[in-house]
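Readers should treat all values here as calculations from the given coordinates under stated rules, not as data from a laboratory. Quantities reported herein were computed from a predicted structural model and do not represent experimental measurements. Every residue, glycine among them, receives a Cβ derived from its backbone with ideal geometry; neighbour counts consider all protein chains shown.
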Amino acid sequence: MNKNKKLIIACISILSTLLIIYLILSLLKKDVYILKDEETFYKIQTTINNYIKDKDYINPEFTLKNIYYKKDGLTTFYYANGYIVDYKISGYDYERNINYLLLIKGNSYNIYELSQNQNENMLEKLNSNDYTFVNGNILPTVSYSEQNKLSSYLAEFLNLLSVDNKRAYDLLNDNTKKEYSSYDNFFTKSTEIYNKLDTTIKSYTKKEKKNYTLYEVIDNKNNNIKITEYSIMNYKIEY
C-alpha cells in the first residue's frame, strides 16, 4: 500500500511540474511570426514605397527584406525592415537599415516610421489600445508573379554591386564565391558582373526541397543562374 501511495504522489508531482512548465511557456509565448505570404509581402513593400514618395524622396527605391507580424483582434501589426537607395543626379544616398510599423485592419492601413535600433521584438508589447486607428489609407493592389520575384532578386544583386558591394558578395552561394580568390577580387570585377547579368528572365524551372526552393533561371543574355530561396528575400545566387 505504501508503494502505491508513493507512486501516486510521484505521478501527481510529475503532472504538477508539467502543468507549471506549460503555464510558464504559455505566458512566455510571443505570438510574433515571420511573414511567409508573398503577395502580402510585396503589397506592404509597395505601400512603403508610396509612403516614401509622399515624403519627397527623389526616385526612392526601398527594398523590403523581412516582415514580422502579430495579430490583435481585427488589427494586425507588421514590423517591416529594409533599406533605401535615394538616387540623385550627382549620385545616391544609401540608408542600410530602415524600419516601419504598419497597422492593417481589413483593407486599410496606418504606417509609422521607426528608429533604426527598433527591431521586431517591439511587437511583443503592442496592442490595439496603443494606437488610434485612422481609416482612409487603402492598401494598393499589386500584380505578383514568381517571375517578377526572381527578377527582383537579380535586380537587388545588381543594384548592390553599386551601393553595397559587400552585401552583394554575401548573396553569392559558396560555389560562385570560390570563383573569386577573395572579396577584393570580386570587388574589382563588379562592373564586369553587372554587365554580364540581366534582370529580364526568359525562362525558369522550380524544384521544391525540404528547407529551400531551387530556381534554375535563364536570363535575357542566356546566362544560367541558380537562385536558392530559403524564405522571401532570403536567397543565394549562383552563376
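Remark on Asp72: its backbone amide H falls under 5 Å from those of Phe77, a criterion applied only to residues 5 or more positions apart or on other chains, H modelled at 1.01 Å from N. Setting aside same-chain residues fewer than 8 positions from Lys210, which aspartates and glutamates have a Cα under 13 Å from its Cα? Those aspartates and glutamates meeting the cut-off are Glu229. Here the stretch 163-239 carries DSSP beta bridges of which approximately 95% are antiparallel, counting only pairs with both residues inside.
Determine by what factor the alpha-carbon radius of gyration of the chain differs from 2.2 N^0.38 Å, reporting the quotient.
Ratio of Cα Rg to 2.2 N^0.38 Å: 1.34.
Computed extension length for Asn173-Asn119: 16.7 nm, one decimal, from 0.36 nm per residue of separation with the Cα-Cα distance subtracted. For the peptides 135-144, 202-211, the ranking by packing is 135-144, 202-211, with the highest mean count of neighbouring Cβ atoms within 10 Å listed first. Under a model in which nothing but the beta-carbon of Lys, Arg (+1) and Asp, Glu (-1) is charged, the chain shows a dipole of about 1240 debye around its Cα centre. Taking only the alpha carbons of the stretch 84-164, we obtain Rg and Dmax values of 16.7, 46 Å in that order.
Of the complete DSSP H runs in the chain, those spanning 18 angstrom or more by Cα along the long axis with a mean Kyte-Doolittle score not below 0.0 are 2-28, 146-163. Helix-only arithmetic for the chain: the sum of -39500 (n - 2.57) across DSSP H runs with n ≥ 4, divided by the residue total, places the mean residue ellipticity at 222 nm at -11000 deg cm²/dmol. In the stretch 33-130, inverting the average of 1/r over every pair of distinct C-alpha atoms gives 14.0 Å as the Kirkwood radius. Rounded to the nearest Hz, the phi-derived 3J(HN,Hα) couplings of the stretch 191-207 under the Karplus curve 6.51 cos²θ - 1.76 cosθ + 1.60 (θ = phi - 60°) are 5, 4, 5, 4, 6, 6, 8, 9, 7, 7, 9, 7, 7, 7, 10, 9, 10, where x marks glycine and proline. Under 23 Å from the Cα of Lys70, which lysines turn up, not counting those fewer than eight places away in the same chain? Lys70 reaches Lys29, Lys30, Lys36, Lys43, Lys105, Lys125. For a straight C-alpha distance cut-off of 26 angstrom, the lysines reachable from Lys221 (same-chain residues fewer than eight places away being disregarded) are Lys149, Lys166, Lys177, Lys178, Lys189, Lys196, Lys202, Lys206, Lys207, Lys236.
Each 10 Å bin from zero holds the following percent of Cα-Cα pairs in the stretch 146-238: 16, 53, 28, 3.
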